[in-house]
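Quick one: the structure is below, questions incoming.
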Amino acid sequence: MNYKIDADIVKSLQKAQKNEITEYHIYSKLSSLIKNEHNSKVLQQIAQDELCHHNELKKFTETDMKPNTLKVYFYTFISLIFGVTFGIKLMEKGESGAEKLYRRLGKNIEEFKIIANEENKHEEELIGIIEEEKLQFVGSMVLGLNDALVELTGTLAGLTFALKNTRLIALSGLITGIAATLSMAASEYLSTRTEQDSKHALKSSLYTGGAYVFTVACLVFPYLLFSNYVLSLAATIIMAIFIILIFNFYISVAKDLPFKQRFLEMAGISLGVAVISFIIGYFVRLFLGVDV
């Protein structure tokens with residue numbers, strides 16, 4: 001071998017080589033598990049490319065590397081639960097270090113330049129041709145989730161000081177939440193029916209209603225779990241922030257959107273409405289003399 005590569009670079013290449021063979025197994029597993037034939041073929045092709053990269057790196061490291069089995073199962077599970085696009089993009093984000101190494105070595109070694117270009121091509125292919133229903137209805141999920149967070153967080157905050165009884169608050173919250181879920185799902189159905197793509201109206205309404213009712217269940221649960229209404233409200237606020245955090249992280253990865261700005265905006269609106277409703281609930285109880 002005519003190339004002079006020091007021991008530190010060899011170690012980095014071995015790490016990259018292990019990553020390539022790991023991703024080969026991830027892509028292979030996903031291609032065999034997903035039902036969409038088009039997506040399956042894309043993943044099979046990328047899996048073969050990753051295997052070729054591993055074999056190319058082996059020429060320089062002179063080492064056989066085994067895949068990270070835990071990583072294979074983790075990303076396969078994540079992809080099957082949250083969608084192939086999310087799982088793969090989350091995994092691809094971890095490749096930036098290896099790609100930089102390939103490009104640095106590619107200035108002198110042609111093989112690494114080719115690998116770096118193929119790694120970049122992978123991301124472009126995935127963005128361009130993977131088809132996934134979940135991402136088609138992200139707008140509907142955002143509508144249901146955001147509306148539920150703003151409306152129900154505010155409602156529960158207002159009821160907390162107005163009623164001061166966790167069971168009554170939970171009952172009122174559930175009735176409000178279920179009624180609002182049906183209303184939102186019906187509105188989304190009618191709204192989508194008026195558009196050109198009316199064949200997706202039912203699915204769109206189901207995604208909206210599903211996101212809404214899931215959020216309702218999460219926000220009301222603390223009032224069923226705790227007897228202290230202040231503790232219940234605190235837990236509900238934490239739950240709301242957690243839902244906003246997880247959902248915005250999902251969107252930021254799957255749709256390549258900025259995370260921090262969207263998270264702060266959504267959290268600010270939800271918590272702002274909760275604070276205002278909390279104050280209103282306090283004064284309503286004070287002026288009306290309600291004692292439950």
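Residues A274, A254: which one is closer than 25 Å to M91 by Cα, surrounded by 19 or more Cβ atoms within 10 Å (Cβ to Cβ) and at pLDDT below 85?
A254 is the lone residue from the list that is closer than 25 Å to M91 by Cα, surrounded by 19 or more Cβ atoms within 10 Å (Cβ to Cβ) and at pLDDT below 85.
Cβ-Cβ under 6 Å, sequence separation 6+ or interchain: first residue in the range 60-85 and part of a loop (DSSP other than H, G, I, E, B), partner open to solvent by less than 20 Å² (accessible area, probe 1.4 Å). Which pairs?
M65/Q17; M65/I21; P67/I21; P67/T22; N68/T22
With respect to K29, is the statement that it is at pLDDT 85 or above and assigned to a helix (DSSP H, G or I) true?
Yes; evaluated as a whole, the condition is true for this residue.
Right, another one. Quick one: in the range 182-241, which of the residues that are among the β-branched types (V, I, T) and loosely packed, with under 14 Cβ neighbours inside 10 Å is nearest to L163 (Cα to Cα)?
V230
Could you check the range 38-65 and list, in sequence order, the residues that are of a type in the set (K, R) and farther than 19 Å from K113 by Cβ?
Hit for the range 38-65 is K41, nothing else.
Assuming S140 fulfils every condition listed in (1) more than 27 Å from F249 (Cα to Cα); (2) touching a Lys or Arg at 6+ places or on another chain (Cβ under 9 Å); (3) among the hydroxyl-bearing types (S, T, Y) apart from one, which condition is it?
Answer for S140: the failing condition is (1).
Mind checking which residues of the range 221-234 are over 16 Å from L271 (Cα atoms), assigned to a helix (DSSP H, G or I) and in contact (Cβ under 8 Å) with a residue 40 or more places away in the chain?
Y223, L224, Y229
Do you know which residues across the range 242-251 are β-branched (V, I, T) and surrounded by 14 or more Cβ atoms within 10 Å (Cβ to Cβ)?
Result: I243, I244, I251.
Which of the residues spanning the range 2-41 are crowded, with 20+ Cβ neighbours inside 10 Å and of a type in the set (A, V, I, L, M)?
L13, A16, I21, I26, L30, listed by residue number.
From the list K107, K100, K66, K93, exactly one residue is at pLDDT below 75 and farther than 30 Å from I246 by Cβ. Which is it?
K107
Another question, if that's okay. Tell me which residues, restricted to the range 186-206, are modelled with pLDDT under 85, of a type outside the set (D, E, K, R) and within 16 Å of N146 (Cα to Cα).
Hits for the range 186-206 are S187, S204.
Give the residue that is farthest from G173 (Cα to Cα), with candidates limited to residues of the range 257-271 that are open to solvent by less than 80 Å² (accessible area, probe 1.4 Å) and aliphatic (A, V, I, L, M).
L257
The values are calculated or read from the model by the stated rules, or taken from the named source; none is laboratory data. All values reported here derive from a predicted model rather than from experimental measurement. With ideal geometry, Cβ positions are generated from the backbone for all residues, glycine too; neighbour counts draw on all protein chains shown. Just so you know, the surface numbers come from the protein's heavy atoms only, side chains and all, with ligands and any DNA or RNA stripped out. Shrake-Rupley method; radii C 1.70, N 1.55, O 1.52, S 1.80 Å.
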